[in-house]
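Reviewing the structure listed below.
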Amino acid sequence: MPRTLLHHYARAVDRYDEILDPSGRVRAHWKPLYAHLNAAPPDSMRQRIEFADRCIEEDGVAYNVYADPKGQERPWALDPLPLVIPAQEWRGVVEAVAQRARLLNAMLADLYNGQTLLAEGLLPPALIYGQHGYLWPCTGAQPPGGVFLHQYAVDLARAPDGQWWAIADRTQAPSGAGYALENRLIVSRVFPDLFRDLRVQHLAAFFRALQEGLEHWAPVDQGERPLIVLLTPGPYNETYFEHAYLARYLGYPLVEGQDLTVRGDTVFLKTLTGLKRVHAILRRQDDSYCDPLELRGDSALGIPGLLVAVRARRVMLSNALGSGLPESGAIMGFLPAIARRLLGEELLMPSVATWWCGEKPARDYVLANLDKLVIKGAYPTQQLEPIFGRELNNAQRDDIVRRITTRPHAYAAQELVNLSQAPVWSRDHGRRLLARSVGLRVYAVATPHGYQVMPGGLTRAAGRPDALVLSMQRGGAAKDTWVLADGPISALSLLTPVLGVADLVRSGKNLSSRVVENLFWFGRYTERLDDTARLLRVALARLIDSGGETTPDLQAMVDLCIRAGVIQPGHDEGDDAWVPIGTRLVDAVYDVEADNSLAYAVRQVLWSAAQIRERLSLDHWHSLNRLQHNLQAAGQRRHELGETLMFLDQVLQVSSSLTGYSMDNMTRDIGWGFLVVGRRIERLAFLASTLGAFLRRYAALQDIRLDWLLELTDSIITYRSRYSRQPELLAVVDLVVFDERNPHSVLFQLQALLRYSRRLATELSEIPLDLLDQEFQTMDGFGLWQFETQPDHACTTLAAHLDDVATAAGELSDVLGMRYFTHVDAVSHQTLAR
Amino acid sequence: MARYHILHETLYDYGSAVSLSQQMLHLIPRACPWQHCERFDLDLDPEPSWRQRREDAFGNPVEWVAFHQAHQTLHVRAEMTIDVRPHLPASLALAPAWDELIAAIAYRGGVAPRAADLNAKRYLFESPHVRIKHELEPFATDCFPPGRGVLEATRALMEKIHTEFEFDPEATTVATPVLEVLEKKRGVCQDFAHLMIACLRAMGLPARYVSGYLLTHPPAGQPRMVGADASHAWVSVYAPGSEHGWVDFDPTNNLLPDTQHITLAWGRDFSDVSPLRGIILGGGGHEPEVEVTVTPVEG
């Protein structure tokens, strides 16, 4: 008899088991999933896991881990098995979580206005005034609708008796809802039939509710439609993926502090067409960094003057500034009394037992029972890692006792919770389920009709069987959460249409200058990648053709590569430091540290793409992630020349698919215009300077073969079909410089650049194009007959013109930068006078 | 009673253009029972694009100003006439013992605190410039024997700081942490005030940071006080039972402020009441020139 999937699944002794009942039988609501897993052939599960991994890689789902020496981003770990929760049980969770959100909102409203909780002794002042998170300048601020918490999340754990407990509140800028959505997209594709048959509740309505709430309360003047932006600290934040993902999903511009500015008491977005009023800010940046004028002055991230606008109620912050207070676990013990006072209700869901050491009886209990407790900072800004009493040696124990005794009010202790366990799919053993501790983060949003709870959430499973902490940073995995419906699934809530004809938007009028600048550089860098790959491919092909010998033709090619900065000048043969040309070319492909190497160009593309993540489609991302993947895979081995050539082919494929997406799928707004102008400027500058250098060398030494000029410009087929003979100077120059129908010719770039720039100029202010236009006239009027009579002279004259063209392209780039992007790099700083 | 004319001028020469500037000014004297502001003028050059006046969370008047046009210099001129009445405590001995005070104001769950005690607790915990570290208590502790009156203990602490520390404008900046001041034993009035506040709070006593001015040229025969040509800072300690509930101490000059100190604002520390705190976009150097002149007015 074959072993069941549960053969290796550890039975729960002192904890609740999600899938098995106490007698060891699979619980009713898990049966369909379990049966499905049991019936699935081993290969099919492996394929599904690979499919999920591929989705994560290609969508670029990542969780940045600051401390990870291996790099910026680590792929999100996802276990394909969802946590299944029946409808009946979920109703209790929903009610309790909505109540808790309401309670914490009421508590914040009280703490920033009136403070009856402190005046009546229901909360110790130490837990409020002692927190750096209590923002004094926000005292008396009344957010629209009295809503401090638009978004709320709570970490839940299930006690051995099956009861759910709240173990941590997230009120500052709760993260993870976007990951929950992404998990859902992937897992529902892993088990499509099951997902449908089980009638799993959908998540979309939750995000609609978030939008609805923000639009409802955003303070607008008569006749205005609210402009809502998502504020991120930037690509270095650990959850930046989610910020970009949500911005794209919700359709809000993703902005950084420097994209916004306050004039008087109003917040504006800096766009290319001027300042646009912002009505609401969905905030993913910690509040103390939000206004350097009145809050932390050492931060360059914020928006100076924001608090003025908040107090004037000209802008809504979601969540309100100062709403991080309830994240202090020490407050939990006071919540039942606060609920009675503010809501007249009993708490529906208990919090994990918590002792605040600022009260003597509690402190005495904590010191006497350290082994059973986990010690936490009373203030979230302490950033103290939880300390598990039972893991301490004597010295560590003495240390923590001393710390608690010296500053008791800064510490709290919580009971250790035996988390429930649920099955995860074993990646190492194939068909096997393992028992792992799980916790569930549940989300709620404020709507005009009360708090709405997401039907689902982010389930996290521990990485090891004995892990005490659930943390994506410590090797745990996320799971989707399937809340079953007991009625029909409503696909989407029906919203009343609010858009009229006057609200229709056809241009990217709300694009921030920063996004446009990054689109421009994304255009330039993708083209630079393409140019670099082509140049190196031609050089490598020459080297392979010559059997490794340094022929004059190869030497000429290498000199041009050096001139273009793609490879470094080397030492003469015979010197100690001499490096064979093959090695130098391979290094120019893979060495990230070398300036202008191909690997460096890839990095620039990825960097600029990361800045505009929410503007790029998933298809873009798939290509970019493939590029990074290929480079990483290739970078770990020694390289043959032939293999390197193949890698260059792959790069060119990716680059052309990127171009395809940009041309075919991106909306042609101003941002797209800058992307295209960036591409054309880069290609024009590259072609003009490379062709100029080529012609000069050709005139002087005539040691270069003309056919690589055709290779470099992807024009071989055209040439052959037109002339069916060996390349000749006049015909080649005509094709790669003057032919307006060849998309790789100089004149084609000039025309396209002028056309797109003029189009931008009609939407924006004047763009000075005289110089470029003049170069176009010169080139257009160039007498090709000179190549018949005085070829050498014609080469040098044309080379000089091409140099001018390259210069004009560079100047246009500078002008655009000066006129439209300059303020992006300008840094604010604090001034103080005593 | 004393009457003063005060001129507080600040000049920023940024060296290059500042395209956007927002400033928060704590230059308007707050109303106190012993102080009356007869006249106050605030002149700014250039003229601000936007301005607003209101109270901050600690009851100080604040003026917010913004400049939306490019400018290279900013000149702020605050001018006022103020009356100050004597307000020294009748006796330092009347205040409660410091340890009894701590016990009296301690939090008791479900019991409503006295309003004044609750208000004082705003000034009991860490603030941006006053980090409470365990090195502070050993420094302060010999001033606080059990049962000593809170004002006498505070005076002992003030004397200790004044004796052991040297006034040295070169030793610190606005950002120097308290522990570094404790180690170097040097600093300016702001550093001594922060250090003293940190010690008081480490002991468990509420203490405020007071920003203000000193008489520039004292009457004949009296020494000129340190810090008289700039804005000054000192400390106020919570002393229930005293006339105003709080009593001021000036560790820089080792005395209890009376009619030669003019109060501008108070808060948890310098960051709450910086006379000019701003954010500028652009500009090169931004060290301001500050000049304060306090002259007695006859009458």
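Restricting attention to segment A:370-399, the residues being closer than 24 Å to B:E126 by Cα and crowded, with 18+ Cβ neighbours inside 10 Å number 7.
Condition check ((1) modelled with pLDDT under 95; (2) farther than 24 Å from B:S127 by Cα; (3) of a type in the set (K, R)) across all residues:
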{"site": "B:Q222", "(1), (2), (3)": "yes, yes, no"}
{"site": "B:V235", "(1), (2), (3)": "no, no, no"}
{"site": "B:D272", "(1), (2), (3)": "no, no, no"}
{"site": "B:I279", "(1), (2), (3)": "yes, no, no"}
{"site": "B:G299", "(1), (2), (3)": "yes, yes, no"}
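Only one entry of A:R283, A:R314, A:R340, A:R263 meets the criterion of being within 14 Å of chain B (Cβ to nearest Cβ), among the charged types (D, E, K, R) and touching a strand residue (DSSP E or B) at 6+ places or on another chain (Cβ under 6 Å), and that entry is A:R314. Of the residues contained in segment B:158-175, one or more are found to be of a type in the set (S, T, N, Q) and modelled with pLDDT under 95.
Scanning for something among the aliphatic types (A, V, I, L, M), buried (at least 17 other Cβ atoms within 10 Å of the Cβ), modelled with pLDDT under 85 and assigned to a helix (DSSP H, G or I), does segment A:48-65 turn up at least one residue? Yes, the conditions are met somewhere in segment A:48-65.
Scanning segment B:231-253 for any residue that is within 11 Å of chain A (Cβ to nearest Cβ), assigned to a loop (DSSP other than H, G, I, E, B) and under 25 Å from B:G204 (Cβ atoms) turns up nothing.
Look through A:L798, A:L754 and report the one residue that is assigned to a helix (DSSP H, G or I), surrounded by 17 or more Cβ atoms within 10 Å (Cβ to Cβ) and over 38 Å from the mean Cα position of the chain (by Cα). The unique qualifying residue is A:L798. Annotation for segment B:204-215: no member residue is modelled with pLDDT under 90 and either in contact with a Ser or Thr (Cβ under 6 Å, 6 or more places away or on another chain) or basic (K, R) (or both). Out of all the residues in segment A:113-126, is one or more of a type in the set (A, V, I, L, M), away from chain B (no Cβ under 12 Å) and over 25 Å from A:V315 (Cα atoms)? No - not one qualifying residue is present in segment A:113-126. Could you grab me the full set of residues in segment A:242-259 that are in contact with a Phe, Trp or Tyr (Cβ under 7 Å, 6 or more places away or on another chain) and crowded, with 21+ Cβ neighbours inside 10 Å? Scanning segment A:242-259 gives a single hit, A:E242. Residues in segment A:90-137 that are buried (at least 23 other Cβ atoms within 10 Å of the Cβ) and among the polar types (S, T, N, Q): A:N105, A:Q131. When segment B:96-129 is limited to residues that are of a type in the set (D, E) and over 27 Å from B:S271 (Cα atoms), the one that is surrounded by the fewest Cβ atoms within 10 Å (Cβ to Cβ) turns out to be B:E100. For B:V290, the conditions (1) in the same structural domain as B:H162 (by TED's automatic domain parsing); (2) closer than 28 Å to B:G15 by Cβ all hold with the exception of (1).
One residue stands out among those in segment A:748-795 that are touching a Ser or Thr at 6+ places or on another chain (Cβ under 7 Å) and under 20 Å from A:R683 (Cβ atoms): the one that is modelled with the highest pLDDT, which is A:L769.
Taking first residues from segment A:548-563 that are closer than 15 Å to A:R534 by Cα and partners that are part of a loop (DSSP other than H, G, I, E, B) and hydrophobic (A, V, I, L, M, F, W, C), the Cβ contacts under 8 Å between residues at least 6 apart in sequence or on separate chains come to A:M557/A:I704; A:V558/A:I567; A:C561/A:I567. Note on segment A:149-234: enclosed helices (runs of 4 or more DSSP H) holding 2 or more residues that are out of contact with any Ser or Thr (no Cβ under 9 Å at 6 or more places or on another chain) and crowded, with 20+ Cβ neighbours inside 10 Å are A:177-190. Looking only at segment A:122-138, residues that are within 21 Å of B:E126 (Cα to Cα), at pLDDT 95 or above and in a loop (DSSP other than H, G, I, E, B) come to 5 in all.
The set of residues in segment B:58-95 being under 23 Å from B:L264 (Cα atoms), touching a Phe, Trp or Tyr at 6+ places or on another chain (Cβ under 9 Å) and surrounded by fewer than 18 Cβ atoms within 10 Å (Cβ to Cβ) consists of B:G59, B:H75, B:E79, B:T81, B:D83, B:R85, B:P86. None of A:A833, A:A826 is modelled with pLDDT under 90 and under 32 Å from the mean Cα position of the chain (by Cα) except A:A826. Within segment A:137-160, residues that are within 14 Å of chain B (Cβ to nearest Cβ) have Cβ atoms under 8 Å from residues that are buried (at least 16 other Cβ atoms within 10 Å of the Cβ) and among the aromatic types (F, W, Y) in these pairs: A:C138/A:Y112; A:T139/A:Y112; A:G140/A:Y112; A:A141/A:Y112, counting only partners at least 6 apart in sequence or on another chain. Number of residues in segment B:1-26 that are among the aliphatic types (A, V, I, L, M) and either without any contact (Cβ under 8 Å) to a residue 12 or more places away in the chain or at the interface with another protein chain (Cβ under 10 Å from one of its Cβ atoms) (or both) equals 5. The criterion of at least 2 residues that are in contact (Cβ under 8 Å) with a residue 12 or more places away in the chain and within 14 Å of chain A (Cβ to nearest Cβ) is met, among helices (runs of 4 or more DSSP H) falling completely within segment B:54-170, by B:98-105, B:115-120, B:136-140. Going through (1) more than 20 Å from A:L798 (Cβ to Cβ); (2) within 35 Å of the chain's Cα centre (by Cα); (3) in contact (Cβ under 8 Å) with a residue 12 or more places away in the chain; (4) not in a helix (DSSP H, G or I) one by one, A:L760 falls short only on (4).
The values are calculated or read from the model by the stated rules, or taken from the named source; none is laboratory data. Remember, it's a predicted structure, so these values are computed and weren't measured experimentally. Quick reminder, even Gly has a Cβ in these numbers, built from the backbone with ideal geometry, and neighbours come from all protein chains shown.
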